[in-house]
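A short worksheet on the structure shown next.
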Amino acid sequence: MLLNRLRLTTPLHLRSFTMSQSQARLISTRAQRVLSALDLPTDTSVAIPGVFDGEWKGSGEELISKCPATGEVLGRIKTGTISETNATISASLSASRIIRRMPAPKRGELVRQIRQALEAKVGELGDLVSLEMGKIKSEGKGEVQEFIDCCDLATGLSRTMSGRVLPSERPEHVIYEIPNPLGVVGILSAFNFPVSHSPRGAGIYLLTWDRRWQSMNLTIALATGNSTIWKPAPSTPLTSIAVTRLIQPVLEKHGLPGAVAALVCGGVDVGKTIVGSEDIPLVSFTGSEKVGKEVGKAVQERFGKSILELGGNNAVIVDADADLSLALQGVLFAAVGTAGQRCTSTRRLLLHKSIAKDFLSKLLPIYDAAQPNPHLIVGDPLDTATLIGPMHNQAAVEKYEATLSAVSSRGGEILTKRSGRIQDGDKALEGGNWVWPTVVRPKKDDPCWKEEVFAPILYVAEFETLDEAIELNNSVPQGLSSSLFTTSVQNMGKWLGPEGSDCGIVNINVGTSGAEIGAGFGGNKSTGWGRESGGDAWKQYVRWSAATVNYSNKLPLAQGVNFGVSTA
């Protein structure tokens, strides 16, 4: 059964969903097992404080956390009011003055111990991600592992971050470029990577290498001497509370105030308060292009800094000379993983005309395969056999349906045998958000090509030349991830060069999902130009000063100016 805690063996579309009283109790057991493993309340009638600045509190409206697989209420969270948010910002500002005085290697040790706390609960926290967000079990665990990996990166950086010593044109002078902490870093994360947001992976393909925002922001911010204030997505508050509870004792062990890693669960008012606060010099935001534009404007109006990771309308190009087996794996992984709810999910598939028919003849049967040999097993995210979990909420399902309807009405062709909601006719499915991964051939001028839809919908088109394919790749407002499958060195050179892809991630023979923490992650154009992870990411979390030092007994003035005043 989808809704119990037992291993699935039958694809979702072939199961019976008649629920008995005992099975209904298993739903609660399923959730209780995950929540209790992290010491989270299992009595959903009791509201959980969603604000932490050294003390747990919250007197604002309640958020309801629901399991996207079943619709079950997982918890009720008391959000922060505007007053509580401002108080938490003030506490975080005070905390920043304490952590900035710690030597950087000591801050690295703090991050290393946070790593240990996370590693001790990697499976339990991963299951909570699956329960509350809806991603499959390996993805949930992999996301937590990415946070751990980000801790490793930040710990190493704490001993290698440096300024520069530059020569001066004046005798007996030297110039230093010096980094110092900013103060408070505001983090506004999205639902699809509630732990790493950003983030992050273990193993070769654990479907976690996107949106590393929370883990990368927190770890690098701490390593560079800043405090953080985190506003998670309203639909994944339990995961943020669990993470903060794991970090809390580490801060206490080091004698640091809890507001070094503050948390405020809430809605739009909380977000606007953080974005508008002049006490927060850097705001990192992950979300839609529409909201990101407003965040960027608001931060810029007060001359703050922002890191934006917004829409991704990612394309895979399969050229005539491509290894089709490699391309098939890459497309499947990026198109259906996380039920199409990654920023780096493949939305557009561009096939050379000479191989299009052959490639689709391999791809579509995988989408359409049913019992006894299903390839895309849809089901309980906590079951290890499941490959595709639910959409995160009903709004996402409705957007998926509206998109398919609109594209079809404009002459688009649905190529897969199954599309739309998964309907089994049984009440047990009514609470979950289940849809079929779908492949569609829209008209070439359909507006859908330029819009990101967070759903497992893959658009297909054909091209004749690589120049045409690159033009199609670059013709959208977004510029996050892109991929070319080819065996040609010449094609590779063009794709990576100034006349190639205009995206922040430009892959060869790898799908659009697959960014590792060692390299910069982010996109161009309306994706926001933000960058996370990699060796230079820390430079965004500091304020830079150029210092000219005169160690002589003379003061030469610029342009040879001489006031006739003796320096003797």
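What fraction of the DSSP beta bridges in the chain is antiparallel, stated in percent and rounded to the nearest 5? Could the numbers behind the result be given before it?
Numbers: 29 of 71 bridges.
Within the chain, antiparallel bridges account for around 40 percent of the total.
Just order 434-443, 497-506 by mean Cβ neighbour count inside 10 Å, highest at the front, would you?
Numbers: 434-443: 21.5, 497-506: 18.0.
Per-residue mean Cβ counts within 10 Å order the peptides as 434-443, 497-506.
Tell me, what HN-Hα J-couplings in whole Hz come from the Karplus equation 6.51 cos²θ - 1.76 cosθ + 1.60 at θ = phi - 60° for each residue of region 134-141, using x for Gly and Pro?
x, 6, 5, 4, 5, 5, x, 5
Along the positive direction of the dipole of the chain (beta-carbon charges: Lys, Arg +1; Asp, Glu -1; about the Cα centre), which of Ile82, Ala402, Asn507 reaches farthest?
Ile82
Once amide H atoms are built 1.01 Å from N in the peptide plane, which residues 5 or more positions from Ala261, or in another chain, come under 5 Å H to H?
Under 5 Å from the amide H of Ala261 lie the amide H atoms of Thr228, each far enough along the sequence or on another chain.
Pairs of alpha-carbon atoms within less than 8 angstrom and 6+ residues apart define the contacts here; what relative contact order does region 419-568 have, in percent? Each step should come with its number before you reach the end.
On the way: 163 pairs, mean separation 21.0, N = 150.
Answer for region 419-568 is 14 percent.
Which three semi-axes in whole Å describe the equivalent ellipsoid of region 289-371, each the square root of 5 times a Cα gyration tensor eigenvalue, listed largest first? Could you put the intermediate results ahead of the total?
Working: eigenvalues 271, 44, 16 Å².
Equivalent-ellipsoid dimensions as semi-axes: 37, 15, 9 Å.
For region 294-308, what does the Karplus curve 6.51 cos²θ - 1.76 cosθ + 1.60, with θ = phi - 60°, yield as ³J(HN,Hα) per residue in whole Hz, taken in order and with x for Gly and Pro?
5, 4, x, 5, 5, 5, 5, 4, 9, 6, x, 9, 9, 10, 10
Quick one: grab the alpha carbon gyration tensor of region 22-136, order the square roots of its eigenvalues as a ≥ b ≥ c, and give me rounded if a/c is under 1.5, else prolate or oblate depending on whether a/b is larger than b/c. Intermediate results must be reported in sequence, preceding the final value.
Details: a/c = 3.18, a/b = 1.50, b/c = 2.12.
It is oblate, given that a/c is not under 1.5 and a/b is not larger than b/c.
Could you work out how much longer the chain between Leu555 and Lys417 gets when fully extended? Use 0.36 nm per residue separation minus the Cα distance between them, nm to one decimal. Walk me through the intermediate numbers first.
On the way: separation 138, 0.36 × 138 = 49.68 nm, distance 8.03 nm.
Full extension of this stretch gives 41.6 nm more.
Any idea of the accessible area per residue across the chain, 1.4 Å probe, to the nearest Å²?
40
Rounded, prolate or oblate: which one fits the chain, using the alpha carbon gyration tensor with axes a ≥ b ≥ c (rounded when a/c is under 1.5, else prolate when a/b beats b/c, else oblate)?
Values: a/c = 2.24, a/b = 1.32, b/c = 1.70.
Note, shape of the chain comes out oblate.
Restricting everything to alpha-carbon atoms, can you work out Rg to Rh for region 68-197 with a Kirkwood hydrodynamic radius?
Details: Rg = 20.2 Å, Rh = 18.2 Å.
My calculation of the ratio gives 1.11.
Rounded, prolate or oblate: which fits region 465-505, taking a ≥ b ≥ c as square roots of the Cα gyration tensor eigenvalues, rounded meaning a/c under 1.5, else prolate when a/b beats b/c? Kindly include the intermediate steps, with their values, before the conclusion.
Numbers: a/c = 1.94, a/b = 1.55, b/c = 1.25.
Because a/c hits 1.5 or more and a/b exceeds b/c, region 465-505 counts as prolate.
Normalised radius of gyration for region 359-485, please: alpha carbon Rg relative to 2.2 N^0.38 Å, two decimal places. Spell out each step's value before the answer.
Values: Rg = 16.1 Å, N = 127, 2.2 N^0.38 = 13.9 Å.
Taking the Cα Rg and dividing by 2.2 N^0.38 Å, one obtains 1.16.
Using only alpha carbons, build the gyration tensor for region 413-505 and give me the equivalent ellipsoid semi-axes, biggest first, whole Å. Before the final figure, lay out the partial values.
On the way: eigenvalues 232, 38, 32 Å².
Three semi-axes, in Å: 34, 14, 13.
Which far-off residues, 5 or more places away or on another chain, put their amide H under 5 Å from the one on Ile48, with H placed in the peptide plane?
Arg76, Ile77, Lys78
Of the heavy-atom accessible surface of region 65-110 (probe 1.4 angstrom), what whole percent is carbon and sulfur? Let's see the in-between values first.
Numbers: 960 of 1830 Å².
Exposed carbon and sulfur together represent 53 percent of the surface.
5 Å is the cut-off here: which amide hydrogens, built 1.01 Å from N in the peptide plane, fall below it relative to Thr70, excluding neighbours closer than 5 in sequence?
none
At a 1.4 Å probe radius, carbon and sulfur cover how many percent of the accessible area of region 232-314? Could the numbers behind the result be given before it?
Details: 1650 of 3010 Å².
Of the solvent-accessible surface of region 232-314, carbon and sulfur hold 55 percent.
Residue by residue through region 466-473, what is 3J(HN,Hα) from phi via Karplus (6.51 cos²θ - 1.76 cosθ + 1.60, θ = phi - 60°)? Round to whole Hz and write x for glycine and proline.
Taking θ as phi minus 60°, the curve returns 5, 4, 5, 5, 5, 4, 5, 4 Hz for region 466-473.
Taking the highest mean first, how do the peptides 50-58, 31-39 order by number of other beta carbon atoms within 10 angstrom per residue?
Highest to lowest by the protection proxy: 50-58, 31-39.
Just to be sure I understand the curve: with the Debye formula and one point per C-alpha of region 345-412, what is log10 I(q)/I(0) at q = 0.17, 0.18 Å⁻¹?
Listed by q, the Debye log ratios stand at -0.96, -1.05.
For a bin width of 10 Å, list the pair-distance distribution of region 292-333 built from all Cα-Cα distances, rounded to whole %.
23, 27, 15, 19, 15, 1
If you roll a 1.4 angstrom probe over the protein chains with everything in place, what fraction of the accessible area of region 435-568 belongs to carbon and sulfur, to the nearest %?
Numbers: 3560 of 6530 Å².
Carbon with sulfur: 54 percent of the solvent-accessible area.
Determine the order of Arg347, Arg170, Arg418 by accessible area, beginning with the largest, at a probe radius of 1.4 Å. Let's see the in-between values first.
Numbers: Arg347 5, Arg170 90, Arg418 45 Å².
From most exposed to least exposed: Arg170, Arg418, Arg347.
The values are calculated or read from the model by the stated rules, or taken from the named source; none is laboratory data. In this text the structure is predicted, and so the values were computed from the model without any measurement. Every residue, glycine among them, receives a Cβ derived from its backbone with ideal geometry; neighbour counts consider all protein chains shown. With ligands, DNA and RNA removed, areas are computed over all heavy atoms of the protein, side chains included. Shrake-Rupley method; radii C 1.70, N 1.55, O 1.52, S 1.80 Å.
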